[in-house]
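J.: Below: one structure in structure tokens.
The values are calculated or read from the model by the stated rules, or taken from the named source; none is laboratory data. Fair warning: this is a prediction, and the values are worked out from it, not measured in the lab. Using ideal geometry, Cβ is built from the backbone for each residue, glycine included, and neighbour counts are taken over all protein chains shown. Ligands, DNA and RNA are stripped out before the accessible areas are found, and what is left, the full protein with its side chains, is counted by its heavy atoms. Shrake-Rupley method; radii C 1.70, N 1.55, O 1.52, S 1.80 Å.
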Amino acid sequence: MRGAKSAKWVAIAGVVALTATACGGGDSDNKGSGKVDPKGIVSYANGEPQNPLQPSNTMEAYGSVVIDSLFTGLVYYDKQGDITYENAESVTPDKANKVWTVKLKPGWKFHNGEAVTAKSYVDAWNWAADPANGQQNSSWYRDIVGYEDVHPAKGKAKKKAMSGLKVVDENTFTITLDHGIPYYEYKLVYKPFFPMPSAALKDPKKYGESPVGNGPYKFKSWEHKKSIQVTAWADYKGADKPKNGGINFKAYTTPQGAYNDLRSNNVDTMPQIPDSELANYKQDFGDRAITSDYSAINTVNPAFYSKTFKDVDVKVIQGLSMAIDRETIVKTTFSGTREPASGWVATGVKGYKAGACGEFCKFNPKKAKQFVKDGGGVPGNKISIQYNADQPHKGWVTAVCNDIQKNTGVKCVGDPKTDFQADTEVRDKRQVKAMYRSGWVLDYPFNGNFLSDLYGTGVDGNKGEFSDKKFDALTKRADAAKTIDESAKLYQEAERELRNSFPGIPLWYNKITSGHSTNVKNMEFDQAGDPVLTDVEVFEK
Amino acid sequence: MGRFVARRLLQMIPVFIGTTLLIFIMVNVLPGDPVRSLWGDKPPDPVQVAQIRHDRGLDLPLWQQYLHYMGGLLQGDFGNTIAGNRPVLDEITQAFPVSMRLASMAWTFELIVGISLGVLAGIRRGRFVDNTVTLFTLLVISVPIFVVGLLCQLFFGNELGWITPTVQDSESMSQLLVPALVLGMVGLAYVARLTRTSIAENRQADYMRTAVAKGLPRQRIVTRHLLRNSLIPVVTYLGTDIGTLMGGAVITEGIFNVTGVGNLLFQALARREGAVIVGVVTVLVLVYLAASLLVDLLYAVLDPRIRYA
């Protein structure tokens, strides 16, 4: 999708580099009587959201998890990456996949009693698309006809509403796209497509401080930098009715603090175990440790504009890739909490297929050396990998570099930038010296999200300026396919083509690593790495 | 005395303008655009970026931004944050009381325990008490504060369960006790050492011999003669330490999840929130200036020989 903007990024956690090894044990006895209290409150280690709580203005993790508890969108997806219908009864495309008809389940209400209608959706989207309202996610509507009038690249908005959105009746509306997209309903999973009540548009500022949604939980309070509390909403019509009484999103400034609180049952769960604890969290939590799949991938990408990779033969990049012993690095650096990657699409999304990268993602030191040699090597026989030093990347970058140097003879060094801001600035300004580390979490569970949005010629997400005409043609074909399945299949072909042009070296897929306290059970995380808080059950105290 | 205070207050104005300008420039020199960073590692929307920059006045030349900022400051307006567009004043009024409480607890701890230990060690120089205090302070000074903090957290929090590992409510005094002890630890060691040296030195002074010869009670000799004269370097240290405790608590506040100034500053720096950084530093500069003025005034009280015209 020519640079569709994307989902959440993990908020800059205020990581004061704390490295200490917790000494084992610490398991306290199961206090609970074993009985579940349906009114029990789950506490979740979060942080202060970046923006006011408006769905179309939330992309970082701290705000996202709260928004997800307050809102239910049209569709969601299951573990297989198939669409499930939430507030929508059906979402049906026309033959060309251009006009999408959305039918809502009748009888749904917002927490303030207002009915959720077709208008609630259409008005919310039009409002969010208008740049004057400063919604960060507004470019998600760019496929809709009339978006350019509301959100022009320059100057003031010409219109207040996108002509592609039409209310048919109370529970039906249509979305007209400027070109057919077979998997458009997958995009509707994302937050800017949530509905908003009319009061929200009248007073957005107040709304951002005390949001009113249509989801399983109702907003209760927000004490800035301390906690956000939501309570289960009795009139909720969705299938994911809360099995607990509410959630307390506690703000933490460091993951280490959250971890120590989790160990002593002062908080019930947290999003990701800090890297310094990866080696001991299983021991600390025993059967309460959580490890699950997560659709996110890590790569190192060449900057194709740099001196080093400007006229490089693809064989060199393939060779560098084969020089990396992913299995061993995953075991030693990440204590087995990642999974070696075998392609450019993360696991768990529609159209994922293992092994797209073929032999080039398998460790083979002999071939690696030969390939780099045959490809003519790189200028100066030296490469660097850029990363941000405010997060724990140094360890694996060093390991990858060691492998490359040892197995191909190409000198490899880490190129740390002080923090994430500095790192992205260098990338935006096209000043990466050779390679940079990159990570991508799904926006919507479809393989195209990992392909055309990242490696298409000239798209916003393509920071290395990779370009492959064959790949572009294949993704174009995939976007023109009749059905989702066909499109996913064609995208698989496009992914396979990448092994001949190598836009980046796939390293590993992330996993969710977390744990939960003895106060709760049924704690799980979904494909996007978000906690499934509605299912959590709290023990009686 | 009045003229001295007035002169000092007037001196504050250029110091104040100088520091704010310096910080303002430094924040702008840092790499990384705070507006762009709202999008994390995802591609930003240029239309929205331009809109936000315009709304926050970030598209103006730096000197204009500074004048605007100072103009607002004089009216008590610290500007708004880039992320979330919240008034910076809200963030400051939320964080400062917490840090003030934490710092004053740590400071009191430093003052009372530090001076007591110093006096004990100074009077019994070379004896067992002195050696113990010297050893203890050496240990505290040489072990980094985050090690002490984490050890306290793990031992008292996770192992013994006496405290919660992090502070659950930054406004509760009892919760802040352990972080305050950790925070005041290093200062305590310095105070103890300064007092000890000073006391040991002054014990040999002529006026001490006179006092003893006059047959004054020991208690009076120590508190009135010895301590009062020995406190000048200690007061200097304690005065400047107020500012350090307020702003320098980044590590302690981080470990114990206390939402104070240190934390605010750290987060603001990570997000390149210029207005927050300048705002916090501005208030900290004021605290420093006030504390050092207080120290200078205290000198005169402690030692009548030091007089200001």
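J.: Going 7 Å from the Cα of residue A:394 toward and past its Cβ, which residues in the range A:434-463 have a backbone nitrogen under 20 Å from where you end up?
T.: Once the point is set 7 Å along Cα→Cβ of residue A:394, A:435-438 turn out to lie under 20 Å by backbone N, inside the range A:434-463.
J.: Further, regarding this structure: Please work out how much accessible surface residue A:223 shows to a 1.4 Å probe, ignoring ligands, DNA and RNA, in Å² rounded to 10.
T.: 100 Å²
J.: Amide H neighbours of residue A:539 under 5 Å, at least 5 residues apart or on other chains, H built in the peptide plane: list them.
T.: Sorted by chain and number, the residues that satisfy this are A:37, A:520, A:521.
J.: For an R0 of 45 angstrom, estimate the FRET efficiency from the Cβ-Cβ distance between residue A:239 and residue B:168 and round to the nearest 0.05.
T.: The calculated FRET efficiency here is 0.85.
J.: Along the positive direction of the dipole of chain A (beta-carbon charges: Lys, Arg +1; Asp, Glu -1; about the Cα centre), which of A:498, A:165, A:141 reaches farthest?
T.: A:498
J.: Further, regarding this structure: How far is the Cα center of the range A:170-197 from the Cα center of the range B:118-150, in Å?
T.: Each part's Cα centre sits 68 Å from the other's.
J.: To continue, here is another question. Once you average over the residues of B:266-276, how many Cβ atoms of partner chains fall within 10 Å of each Cβ?
T.: 3
J.: Determine the calculated [θ] at 222 nm for chain A from helices alone, applying -39500 (n - 2.57) to every DSSP H run no shorter than 4 residues and normalising by the residue count; nearest 500 deg cm²/dmol.
T.: Helix contribution divided over all residues of chain A: -7000 deg cm²/dmol.
J.: Quick one: of the DSSP bridges fully inside the protein assembly as shown, what percent are antiparallel, nearest 5?
T.: 75 percent
J.: Is there a simple number for the mean count of other chain Cβ atoms within 10 Å of the Cβ of residues in B:49-56, and what is it?
T.: 2
J.: Under a point-charge model restricted to the Cβ atoms of Lys and Arg (+1) and Asp and Glu (-1), what is the dipole moment magnitude of the protein assembly as shown relative to its Cα centre, in debye to the nearest 20?
T.: Computed charge dipole of the protein assembly as shown: roughly 2260 debye.
J.: Can you sort B:209, A:430, B:56 by solvent-accessible area, 1.4 Å probe, largest first?
T.: My answer, sorted largest first, is B:209, A:430, B:56.
J.: Which order do A:277, A:537 take when ranked by solvent-accessible area (1.4 Å probe, heavy atoms of all protein chains), largest first?
T.: Descending accessible area places them as A:537, A:277.
J.: Show me you know the interface measure: the accessible area buried between B and A, both chains summed, probe 1.4 Å, in Å² to the nearest 100.
T.: Looking at B and A, the buried total is near 4500 Å².
J.: Compare the Cα positions of A:175, A:312, A:418 along the charge dipole of the protein assembly as shown (+1 at Cβ of Lys, Arg; -1 at Cβ of Asp, Glu; about the Cα centre) and return the one farthest towards the positive end.
T.: A:418
J.: Between residue B:151 and residue B:64, what is the label-point separation in nm under the 7 Å Cα-to-beta-carbon projection?
T.: The modelled label-to-label distance comes out at 5.6 nm.
J.: Further question: Under the 0.36 nm per residue contour assumption, what length would be gained going from the current alpha-carbon distance of residue A:489 and residue A:540 to full extension?
T.: 13.5 nm
J.: Same structure, new question: Let me have the 222 nm mean residue ellipticity of chain B computed from DSSP H runs of 4+ only, each contributing -39500 (n - 2.57), with the sum over all residues rounded to the nearest 500.
T.: That calculation yields -22500 deg cm²/dmol at 222 nm.
J.: Same structure again: Name the residue from B:190, B:102, B:165 whose Cα lies farthest towards the positive end of the charge dipole of the range B:60-202, charges +1 on Cβ of Lys and Arg and -1 on Cβ of Asp and Glu.
T.: Of the candidates, B:190 comes out farthest on the positive side.
J.: So what are the radius of gyration and Dmax for the Cα set of the range A:196-351, in Å?
T.: 22.3, 62
J.: Distance in nm between label sites at residue A:289 and residue A:327, each 7 Å beyond Cα in the beta-carbon direction?
T.: Here the answer is 2.1 nm between the modelled labels.
J.: Take A:328, B:195 and sort them by solvent-accessible surface of the protein heavy atoms, 1.4 Å probe, largest at the top.
T.: A:328, B:195
J.: Note down the accessible area of residue A:397, probe 1.4 Å, to the nearest 10 Å².
T.: That residue has around 0 Å² of solvent-accessible surface.
J.: Here's something else I'd like to know. Ignoring ligands and nucleic acids, what accessible area does residue B:152 show with a 1.4 Å probe (Å², nearest 10)?
T.: 20 Å²
J.: From other protein chains only, count the Cβ atoms within 10 Å of every residue's Cβ in A:221-232, then give the mean.
T.: 2
J.: Now, a different point. Filter A:220/B:42; A:382/A:406; A:109/A:237; A:95/A:350; A:225/A:511; A:79/A:353 down to the pairs with a C-alpha to C-alpha distance above 19 Å, please.
T.: A:220/B:42; A:95/A:350; A:225/A:511
J.: Go ahead and run the numbers for FRET between residue A:168 and residue A:221, Cβ-Cβ distance against an R0 of 41 Å, rounding to 0.05.
T.: For residue A:168 and residue A:221, the calculated efficiency is 0.60.
J.: Separate question: Note down the nm distance, to one decimal, between modelled labels 7 Å out along Cα→Cβ at residue A:311 and at residue B:112.
T.: The modelled label-to-label distance comes out at 7.7 nm.
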